[in-house]
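In what follows, a single structure is set out as structure tokens and then discussed.
The values are calculated or read from the model by the stated rules, or taken from the named source; none is laboratory data. Source: prediction; values computed, not measured. FYI the Cβ positions are ideal-geometry reconstructions off the backbone, even for glycines, and counts take in every protein chain you see.
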Amino acid sequence: MTASVIGIGMMLAAAPAGAADSAGEAAFPPFDPTYFATQIFWLLLSFALLYFLLSRIFLPRIGETIEERSSRIADDLDTASRMQADAEQAERNYEKALSDARAKAHNVAEATRQSVDAEIQAELDAADKEAEKQAESAEKHIRDVRNKALSNIESVAAEAAQATVEALTGKKPTLASVKSALN
């Protein structure tokens, strides 16, 4: 920038005094045909340099970056799809394990229930047998007591009849005669 300022300053200093008066009538320098050759030269040189820089340096780097990002995105998508498939498989395995665990728990509960039912039934059967034994023992005891009472009833009845006859007649009959009269 400094060189262009110096160059402009030198042009102004070298310009004749009368040129300053005609500056208002002169054409704009880029449109002045005297400068076309240098402008075209610099245009072609700038274009060639810019083309060379873009085609050999910048665009290949940008292309490599785009290709690298595309491959990274593709790899990430592949990884994501594999992870999704793994997650779905893990979910299916989890659901199957949960179903198996529920079935196993149900089987264990059913087996435990059957075991407890069998124990209860065995205890009920044992209690029933014990109750039957006690009932039989009680019935035997009742029969014994009843038989004893019945056997005693005959003697008590004979004694009562003997006492009644004695009270009515004043004579005491023999126990054997009273028993024979009762039978």
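Among the residues of the range 138-154, those that are closer than 21 Å to ALA181 by Cβ and without any contact (Cβ under 8 Å) to a residue 12 or more places away in the chain comprise LEU150, SER151, ASN152, ILE153.
In the range 152-162, which residues are modelled with pLDDT of 80 or more and either of a type in the set (Gly, Ala, Ser) or surrounded by fewer than 12 Cβ atoms within 10 Å (Cβ to Cβ) (or both)?
Within the range 152-162, ALA160, ALA161 qualify.
Here VAL165 qualifies as modelled with pLDDT of 80 or more and not charged (D, E, K, R). Taking LYS172 as meeting all but one of (1) of a type outside the set (Val, Ile, Thr); (2) surrounded by 10 or more Cβ atoms within 10 Å (Cβ to Cβ); (3) assigned to a helix (DSSP H, G or I), write down the number of the exception. Single failed check for LYS172: (3).
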